[in-house]
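Worksheet for the structure shown next.
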Amino acid sequence: MTDSHSLIVEGLTLGYGDRTVIDSLDLAVPAGRVTAIIGANACGKSTLLRAMSRLLAPRHGHVLLDGKAVHRLPAKQLARTLGLLPQSPIAPEGITVADLVGRGRHPHQGFLARWTAEDDAAVAAALDATGTAALADRAVDELSGGQRQRVWIAMALAQQTDLLLLDEPTTFLDVSHQIEVLDLLTDLNQSRGTTIVMVLHDLNLAARYADHLVALAAGRLHAAGSPEEVLTQETVRAVFGLENQVITDPSSGKPLMLPLGRHHVLA
């Protein structure tokens, strides 16, 4: 099991140029649990993840890892504890799958960057867990979008951090591979206690796989809590402007949101 680390956002304001994207946000990530961030496009989901991983400096407020501002921690120290899979990452041209996944081991290597048997084992386990071992010698730019996404997840797993942030990890994946990836992240959480924070567009998958939901609206926290507390008819209507019905998923017991268009109104 991993160590539990606290990740807390206090009074966080973020933006680009003159535009404010996140405004005075307070948020505590439950340690050792799976959190899904949901919200409409351009509400600040990816921006929040970038700040949590210190890729974006706050205008105001702090992101605190175990009580220390992440933007003041040495980069390598942070990378041993917190990993990030950004949205649409770009691989160096011609790099093989094994080499890319191996880059996840850089934070664990010493000054002379000596490769160890532990590094080999971590890369092999990550490739096996994501079903990409057979692709190890292939160039990443030759792969399909779904294959590439699984390889990037393998690199994040090889980093073996206690906190893992993923921005839309199911992008480019068909439905069966979406389930495989989310099952994999659940296994990682349950077996190692890894704290997982992910941005998801599919509200029903978020409710099924996350212990904790965070709903953002226009750069502010609209709701946070269990799927039953957050995925409600009222929240979906307020956050997405969507008429809907929420029922109980017969397979998981979690909330299941049914969108209602103009041609599918309730009787």
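Things to note:
- When every residue of the range 134-150 is checked against the conditions, at least one turns out to be of a type in the set (A, V, I, L, M) and without any contact (Cβ under 8 Å) to a residue 24 or more places away in the chain.
- Selection count, the range 168-179, where residues are in a helix (DSSP H, G or I) and among the hydrophobic types (A, V, I, L, M, F, W, C): 2
- Which numbered condition LYS45 fails, given (1) over 15 Å from the mean Cα position of the chain (by Cα); (2) charged (D, E, K, R); (3) surrounded by 15 or more Cβ atoms within 10 Å (Cβ to Cβ): (1)
- Scanning the range 119-167 for residues that are in a helix (DSSP H, G or I) and touching a Lys or Arg at 6+ places or on another chain (Cβ under 8 Å) yields a total of 6.
- Among residues of the range 174-185 that are farther than 15 Å from ALA154 by Cα, those with a beta-carbon under 7 Å from a residue that is part of a helix (DSSP H, G or I) at least six positions away or on a different chain give the pairs ASP174/GLY146.
- Considering residues of the range 172-191 that are buried (at least 18 other Cβ atoms within 10 Å of the Cβ) and polar (S, T, N, Q) only, the residue farthest from ASP120 (Cα to Cα): GLN178
- Those helices (runs of 4 or more DSSP H) of the range 32-108 in which at least 3 residues are in contact with an Asp or Glu (Cβ under 9 Å, 6 or more places away or on another chain), under 14 Å from VAL197 (Cα atoms) and touching a residue at least 40 places away in the same chain (Cβ under 8 Å), considering only elements entirely within it, cover 45-52.
- Candidates are the residues of the range 145-155 that are small (Gly, Ala, Ser) and surrounded by fewer than 24 Cβ atoms within 10 Å (Cβ to Cβ); the one that is nearest to ARG192 (Cα to Cα) is GLY146.
Residue-by-condition table, conditions (1) buried (at least 20 other Cβ atoms within 10 Å of the Cβ); (2) of a type in the set (A, V, I, L, M):
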| position | (1), (2) |
| --- | --- |
| LEU55 | no, yes |
| LEU82 | yes, yes |
| ARG103 | no, no |
| HIS108 | no, no |
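- Tabulated pairs, the range 240-267, first within 27 Å of ALA218 (Cα to Cα) and at pLDDT below 95, second assigned to a loop (DSSP other than H, G, I, E, B) and of a type in the set (Val, Ile, Thr), C-beta under 8 angstrom, 6+ apart or interchain: GLU243/VAL265
- Of all residues making up the range 7-36, the number that are more than 16 Å from the chain's Cα centre (by Cα) and among the small types (Gly, Ala, Ser): 4
The values are calculated or read from the model by the stated rules, or taken from the named source; none is laboratory data. Since the model is a prediction, treat every value here as computed from it, not as a measurement. Neighbour counts are summed over all protein chains in view; Cβ atoms, including those assigned to glycine, are modelled from backbone coordinates with ideal geometry.
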